[in-house]
Amino acid sequence: MALKGTVVIDQERCKGCQLCTLACPQNVLLLDADLLNAKGYHPARLEESHNFCTGCAVCAVICPDACITVFRQPSPRRVERTEAIYG
Amino acid sequence: MIPAAELERVYERPESLTALHTNYCPGCTHGVAHRLVAEALDELELREQTILVAPVGCAVFAYEYFNLDGCEAAHGRAPAMATGIKRLLPDRTVLTYQGDGDLASIGIAEIIHAAARGEPITTIFVNNAIYGMTGGQMAPTSLPNQRTTSSPSGRDVALTGQPLRVSEMLATLPGAAYIVRRSLHDPANIRKAKKAILTAIQVQQRGLGFSMVELLSTCPTNWGMTPAEALTWVKDHMLSIYPLGDYKVSDAARELSA
Amino acid sequence: MVKELLKGNVAIAEAAVRAGCRAYFGYPITPQTELLEYLSSRMIALGRVFLQAESEVAAINMVYGAACTGARVMTSSSSPGFSLMQEGLSYIAASDLPCVVVDVMRGGPGLGNILPSQGDYFQVTRSAGHGDYHPIVLAPATVQEAIDMTVLAFDLADHYRHLVILALDGLIGQMMEPAELPEWQADPPTPDWAVTGAAHRAPNRITSMHLRADESEAYNQHIQRRLEHIRAAEQRSIEMYTDDAELLVIGFGSAGRIAASAVEMAREDGLNVGLFRPQTLYPFPSDRLAELAEQVGACLVVEMNAGQMLDDVRLAVSGRAPVEFFGRMGGAIPLPEEILDTIEMLCWSLHVVE
């Protein structure tokens, strides 16, 4: 599967509320049962093994703690347009 | 994992928020509301021209969480304080951020008169139907039969009246230019809330009058629910009492929100 | 400048304008309303801010917001309205914000009446709101002094970043007297702590919240140090015939002024009576009063209340001389003759004792 996007989660900021894990359409977010942050929460993490994240940013939209930075592969169409404009 | 350099950064913490961790409970939608306001200010490039008036309530530290000039109002008085600021600095963007105890109970006079004057300020009204900071007491916005620590058998409307619908009430005032109710219970509604906040701030920038976005929000801790259950409770119980919609959009404001 | 016939409330309003007051927020209440009415046209004509608030509660919080922008701002009220401002005053004081509040005192308690009184002495000096602080309190006895003290109030507020209250009874607010208005003051620069938008600097934040006990106590100590400074530098009073006084009559505002007439009458009768009139109620002019208490046989406090400044006099005199009291309440104004009766009786008893 072609990789389209990824997220970086600030795990110290995360309070483990699970809203992102439940909202993720690809079901690639989960709470990290092996990690406790300084606040005592199991923070969310991305399950990366299958590269299913599309970078849709739904997780970041619902995150109450602004923990999630979302990256997405530029769409080919946008790359073409950018190249057309800037060479 | 693909190298981040090849990827486009499509979402990150807005500049108008500080890096400080908030004191909100896990899953509390105050954090979402903060982020939306900050994103709107970033997009409108208003961070350096904005003054935030924080309330008394769980958002009492809002002035620390926003990367803005800010001040701390007495309980319910944020609209009066914002009036004082806006009258002295009419070219700045002045926001009040208030909960339902603050705005709909102790501060109801100040919000009505600010709206009646058409004060060109923007109010973010976070309605979660309960007093959060003091530990879950009944608010004027609590739902009929809602159990709180001061209505342990459920809100008895025969004794305490029906929930106060602030957006509907303020919409009757000519000074109000933009009064809408949105909800934060799912990503689609959060996106609509963001758009409304953008419009409300633009209404202020154009000097069209008073603007307010009411945001239906959660209080997982005092409702005794998980954050996900709380979002469902908003959808299942609050939406019928507090219907979403545009309660007042003046003609001039309509051009902005189109 | 020339003297004009000016009503106290109007004179204070125009003095505030000339002292650079950029914004006024208020609510109608007798006997201060002329102040609000005058500014309603004057401020707008000058392109400044005037707003009639929906209540005194809103008015003081508008002042709170306006003061956060670093501008010179003011409100005015009268006793019951001033009571409504207490919460806001405490927030303003605890946020280190300069502002000026005029209290034109009327008869109370409760709704009382609109007659002159000094019944707010405790309210204005003891805290004017919750928590450990005192505002600076100035008490004029004439229209001219009300003008001068209005300008002084703005200067002291800015200098100390402190709340200043101009406390006058309704007599001074309502009476007309010849008086001279002050020069126009230039606007002071915007202070660096003001909230104006965080452009090219870190955000400014104005708050009175300190959750931790150690932080809150440190902040309280900061206020107390400032008050200590104010007590050392700002005690003000006026004296008459104190050089050889056996009996010292003490009164502020109108009561002090009426007492001055009684003292003049007593002097004509050959009695060695002097007058001490505090111009600052906080800081109370205790230092000078303590000196005078060493040289007089007795003190007589005259007030238009049940004896409120009396407490401060007793603290200052501290047993050095007996302290007697004559007061009228509820809007009643003492006559010089009835004060003179008390003076004569006290002078007689002093000599009987000797």
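The values are calculated or read from the model by the stated rules, or taken from the named source; none is laboratory data. Predicted, not measured: the structure shown is a model, and the values here were computed from it. Cβ atoms come from the backbone with ideal geometry, glycine included; neighbour counts cover every protein chain shown. SASA here: full protein model, heavy atoms, side chains in, ligands and nucleic acids out. Shrake-Rupley method; radii C 1.70, N 1.55, O 1.52, S 1.80 Å.
Calculated mean residue ellipticity at 222 nm for the protein assembly as shown: -11000 deg cm²/dmol, from DSSP H runs with n ≥ 4 weighted as -39500 (n - 2.57), summed, divided by the residue count and rounded to 500. Looking at region C:149-229, the GluC sites (Glu not before Pro) that sit in a DSSP loop and have at most 13 other Cβ atoms within 10 Å of their own Cβ are C:E183. Each residue was assigned an accessible area with a 1.4 Å probe, and for C:W184 the value is about 120 Å². For the chain pair C and B, the interface hides roughly 2600 square angstrom of accessible area in total, found with a 1.4 Å probe. Exceedance of the 28 Å cut-off in Cα-Cα distance is limited, within the set B:K86/B:K235; A:K39/B:K192; B:K194/B:K248, to B:K86/B:K235; A:K39/B:K192. Centroid-to-centroid, using Cα positions, region A:1-32 and region C:32-53 are 57 Å apart.
Ranking B:K248, A:K39 by solvent-accessible area of protein heavy atoms (1.4 Å probe, all protein chains present), from largest to smallest, gives A:K39, B:K248. With both residues required to sit in region B:19-257, DSSP beta bridges show an antiparallel share near 20%. Counting heavy atoms of the protein chains alone, C:D214 has an accessible area of about 80 Å² for a 1.4 Å probe. When the accessible areas of B alone and A alone are added and the area of the pair subtracted, with a 1.4 Å probe, the result is around 2700 Å², both sides summed. Legend: residues A:V8, A:V70, sorted from most to least accessible area (1.4 Å probe; ligands, DNA and RNA excluded), read A:V8, A:V70.
Accessible area per residue was computed with a 1.4 Å probe on protein heavy atoms; C:V73 scores about 0 Å². Per residue, region B:19-257 exposes 33 Å² of solvent-accessible protein surface, assessed with a 1.4 angstrom probe and all protein chains in place.
Taking C:A19, C:A306, C:A232 in turn, the Gaussian network model of chain C (Cα-Cα springs below 10 Å) assigns the largest fluctuation to C:A232. Only bridges with both residues in the protein assembly as shown count here: give the DSSP antiparallel percent, nearest 5. In the protein assembly as shown, approximately 35 percent of DSSP beta bridges are antiparallel ones.
Using r as the Cβ-Cβ distance of C:S261 and C:M176, and R0 as 22 Å, what FRET efficiency do you calculate, to the nearest 0.05? So, using R0 = 22 Å, E works out to roughly 0.75. On the basis of the beta-carbon distance and an R0 of 45 Å, B:T172 and C:T30 show a calculated FRET efficiency of 0.85. Here the label points at C:Q185 and A:E48, each 7 Å from Cα along the C-beta direction, are separated by 6.3 nm in the simple model. What a 1.4 Å probe finds exposed on the protein assembly as shown is 53% carbon and sulfur by accessible area, rounded to a whole percent.
Summarising the amide proton neighbourhood of C:V302: residues at separation of 5 or more, or on other chains, whose placed amide H is nearer than 5 Å comprise C:I250, C:G251, C:F326. Of all the options B:I197, B:I111, B:I241, the one that moves most in a Gaussian network model of chain B with Cα springs shorter than 10 angstrom is B:I241. Taking the C-alpha atoms only, the angle from helix C:33-45 to the longest principal axis of chain C is near 40 degrees.
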